[in-house]
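Here the structure comes first, spelled out in structure tokens, and everything after it is commentary.
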Amino acid sequence: MTVAIKGIKEGLLVTLPEGEEWQTMIADLAERLDQQIAFFAGARILLDVGARPVTKHELTSLKALLERRDLALWAVLSDSDTTIEVAQALDLKTSTANVIPGRDTSEGSEVSPEEDGTAGVMIKRTLRSGRIVHSDGHVVVLGDVNPGAEIVAAGDVIVWGRLRGTVHAGASGDENAVVCALDMTPTQLRIAGHIVISPPDKRRRPKPEMALVRDSQIVVEPWHEDKEGLWARR
Amino acid sequence: MGAKVITVTSGKGGVGKTTATANLGVSLARLGKKVVLIDADVGLRNLDIVMGLENRIVYDLVDVVEGRCQLRQAMIKHKQFPDLFLIPAAQTRDKTAISPADMIQITDKLRPEFDYILIDSPAGIERGFRNAVAPADEVLIVTNPEVSAVRDADRIIGLLEANNKGPAKLIINRVNPDMVRRGEMMSADDVTDILAIKLIGIVPEDEHVIPASNSGIPVTLNENSRAGAAFRNIARRLTGENVPFLPMNDSVGFFQRLARLFTGQGE
Ligand SMILES: Nc1ncnc2c1ncn2[C@@H]1O[C@H](COP(=O)(O)OP(=O)(O)O)[C@@H](O)[C@H]1O
Ligand SMILES: [Mg+2]
């Protein structure tokens, strides 16, 4: 059994197999992360350790190992009281119920997007060059998305600011995904399998716009007060 | 307590970090400040050359860290300014010879005696960069008005913010006002529009800079140099003085010009 890494809407779910040596597993995990560091960077980690009791030292050093890779340990899921106590002492989330509702039903991602349409990540700052955000849900950015930054979301992407980086909404194939921004000048914009680049004359007065797929093509429409019309057409 | 530690960094190499560190050091010394410059570009030292102090090096930063000499012994006094010192980088060692904790320890020892400690950072985002920014109270980002340099600067600013080392201040170096006017180069506004940090100086492209560096007399000591004047202004802004920016007219920005070309409105 090896370490399982899986993107879920809350972040990256890392499941450590039972009965394996801790050090071996952590080394395995580090190697797996390093192979795809560009993909994972910036993500928050939910660690599922099963029934294993984990010591404070083990958890602290794992946390540091993740931080060195620009990953934040966010939650620890465990059936062991010792582990839960240790995790709580480190200010980590532990409650399985409100962290991953589907933890016990093995495949969490079967839940249909319609039902948890509001799940996603909120980023309350400007995403600068080199930053990459991946989400199995929606992504909301309260700030700019600078050139060189990248967002990949299975759901929608909303940017309350200037969108100048690269964005891929509906990345798992959802043609209904949309991208909204207060100033829509992305380096490249994709929705599901469609792709557009900004026309070079986009340096004009910023206005809020929404990009969506219509007739197999990405169109960008200004937001206006008659928004009922805009939404009704979808 | 004591000195302010200011790290000069950039992401991209060759944009003018060493030039800026040397000139700001000299300018601050001329303002009567006690200044020590630390070359943190271990393995690729050159601040000593630009400062004209290469021939006086006996000990370096790695010697201090590894206990082969006292901190005092590695500090080279400037020929003209008795309150200006340089701690050179090692020529032969790599950046892993020093840790961020070492840098904090060294600057803490220096703080009580100085007004400013300026650290010249290596390019990149690895160990050498982390060493250089670890002790910083303030970070100066040097960039050129070029898309690639701005991209790297943006990345560095993001890393600094993530480590609570912000907000950094920006120096735009090697601006050619004629090119900006013709719309062939990004203007200061184009650059700050993306980086969204406080601008502390715009340094023009200036042919006095390279000969000055070669002769070890930083260009700011040349009263005829526009770049030298810009560095003097930055130094005064660092001390808290409110110095107005030299006007650099750029009515038509680079991007606007680009847009015109693409839309067929080019001149
Ligand atoms: N304002 C300027 N005008 C002309 N040349 C410059 C200017 N600033 C820097 N240079 C030159 O650019 C080169 C790189 O500068 P340097 O300070 O060594 O960059 P860094 O330390 O960032 O690698 C040097 O040859 C330097 O003399
Ligand atoms: Mg240099």
| request: For the protein assembly as shown, compute Rh as the Kirkwood radius over C-alpha pairs and then the Stokes-Einstein diffusion coefficient at 4 °C and 1.567 mPa s; write the answer in µm²/s, rounded to an integer. | output: 51 µm²/s
| remark: per DSSP, antiparallel bridges as share of beta bridges in the protein assembly as shown, % nearest 5, sits at 25 percent
| query | With chain B treated as a Gaussian network of Cα nodes joined by springs under 10 Å, which of B:Gly240, B:Gly14, B:Gly158 yields the largest mean-square fluctuation? | reply | B:Gly240
| task | Give the angle, between 0 and 90 degrees and rounded to the nearest 10, that separates the Cα long axis of helix B:17-30 from the longest principal axis of the Cα atoms of chain B. | result | 70 degrees
| field | Placed amide H near A:Ile151: partners under 5 Å, 5+ positions off or other chain | value | A:Val133, A:Thr166, A:Val167, A:His168
| remark: Note, the range A:17-31: 3J(HN,Hα) by Karplus (6.51, -1.76, 1.60, θ = phi - 60°), whole Hz, Gly/Pro = x, goes x, 6, x, 9, 4, 4, 4, 4, 5, 5, 4, 4, 4, 4, 5
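Would you mind estimating how fast chain B diffuses translationally, via Stokes-Einstein at 37 °C and 0.692 mPa s with the Kirkwood radius over Cα pairs, in µm²/s? Kindly include the intermediate steps, with their values, before the conclusion.
Details: Rh = 18.7 Å.
Here the translational diffusion coefficient equals 175 µm²/s.
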| remark: Residues from the range B:145-166 losing no less than 30 square angstrom of accessible surface in the full protein assembly compared with the chain alone, 1.4 angstrom probe, ligands and nucleic acids excluded, are B:Arg151, B:Asp154, B:Arg155, B:Glu161
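Tally Lys/Arg at +1 and Asp/Glu at -1 over every other residue whose Cβ is under 13 Å from the Cβ of A:Gly165; what's the total?
Neighbour charge sum, excluding A:Gly165 itself: +3.
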| Size of charge dipole - the range A:4-89 - debye, nearest 20, with Cβ of Lys, Arg +1 and Asp, Glu -1, no other charges | 340 debye
| field | Highest average packing first - A:56-62, A:212-218, Cβ atoms within 10 Å | value | A:56-62, A:212-218
| note | From the Cα centre of the range A:52-82 to that of the range B:131-191, the distance in Å is 36 Å
| note | quick note, the range A:4-89, DSSP beta bridge pairs, % antiparallel (nearest 5) is 35 percent
| note | Ranking A:Pro222, A:Thr187, A:Val140 by how far each Cα lies towards the positive end of the charge dipole of the range A:120-232 (+1 on Lys and Arg Cβ, -1 on Asp and Glu Cβ), the top one is A:Thr187
| In sequence order, what are the phi-derived ³J(HN,Hα) couplings for the range A:75-82 according to the Karplus relation 6.51 cos²θ - 1.76 cosθ + 1.60 with θ = phi - 60°, rounded to whole Hz, with x for glycine and proline? | 9, 10, 9, 7, 9, 9, 5, 4
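Just want to confirm a number: the relative contact order over chain B, from Cα pairs under 8 angstrom separated by 6+ residues, in percent.
It comes to 24 percent, rounded to a whole number.
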| note | Accessible-area loss of at least 40 Å² in the complex relative to the chain alone (1.4 Å probe) applies, within the range B:169-214, to B:Asp193, B:Ile194
| note | A 1.4 Å probe over the protein heavy atoms gives the protein assembly as shown a carbon and sulfur accessible-area percentage of 50 percent
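Give the interface area between chains B and A as buried accessible surface, both sides summed, probe 1.4 Å, in Å² to the nearest 100.
The buried area between B and A, both sides summed, comes to about 1300 Å².
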| request: Go through the range B:138-150 residue by residue and turn each phi into a ³J(HN,Hα) via Karplus (6.51, -1.76, 1.60, θ = phi - 60°); whole Hz please, and just put x for glycine and proline. | output: 8, 10, 9, 9, 9, 9, 10, x, 9, 3, 5, 5, 5
| field | Gain in span if fully extended, A:Arg44 to A:Arg214, counting 0.36 nm per residue against the direct Cα distance | value | 57.8 nm
| request: Note every residue of the range A:119-160 with a reduction of at least 40 square angstrom in accessible area, all protein chains present versus the isolated chain, computed with a 1.4 Å probe, or write none. | output: A:Arg128, A:Ser129, A:Pro147
| request: Grab the beta carbon distance between A:Lys56 and B:Thr92, set R0 = 41 Å, and tell me the FRET efficiency rounded to 0.05. | output: 0.50
| So, counting K/R as plus one and D/E as minus one, what does the shell of residues with Cβ under 15 Å around A:Val3 add up to? | -4
| Efficiency of FRET between B:Leu221 and A:Ala72 - r from beta-carbon atoms, R0 41 angstrom, step 0.05 | 0.30
| task | Any lysines with Cα under 26 Å of the B:Lys33 Cα? List them, leaving off those in the same chain fewer than 8 positions away. | result | B:Lys4, B:Lys17, B:Lys77, B:Lys79, B:Lys109, B:Lys165, B:Lys169, B:Lys198
| What full-extension length gain, to one decimal in nm, is calculated for B:Glu146 and B:Asp189 as 0.36 nm per residue of separation minus the Cα-Cα distance? | 14.2 nm
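Leaving out ligands and nucleic acids, and using a 1.4 Å probe, what accessible area per residue does the protein assembly as shown come to in Å²?
Using a 1.4 Å probe on heavy atoms only, each residue of the protein assembly as shown averages 47 Å².
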| note | Most fluctuating of B:Gly13, B:Gly25, B:Gly201 in the GNM of chain B (C-alpha, under 10 Å) is B:Gly13
| query | How much net charge surrounds B:Arg30 when only the other residues with a Cβ under 13 Å from the Cβ of B:Arg30 are counted, with Lys and Arg +1 and Asp and Glu -1? | reply | +1
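For the range A:120-232, what proportion of DSSP beta bridges, expressed in % and rounded to the nearest 5, is antiparallel?
Counting only bridges with both partners in the range A:120-232, antiparallel ones make up about 30 percent.
The values are calculated or read from the model by the stated rules, or taken from the named source; none is laboratory data. Computed from a prediction, not measured in an experiment: that's the story for all the values here. Positions of Cβ are generated from backbone atoms using ideal geometry, with glycine treated the same way; all protein chains shown enter the neighbour counts. For the accessible areas, the whole protein counts, side chains as well, though only heavy atoms, and no ligand, DNA or RNA atoms are used. Shrake-Rupley method; radii C 1.70, N 1.55, O 1.52, S 1.80 Å.
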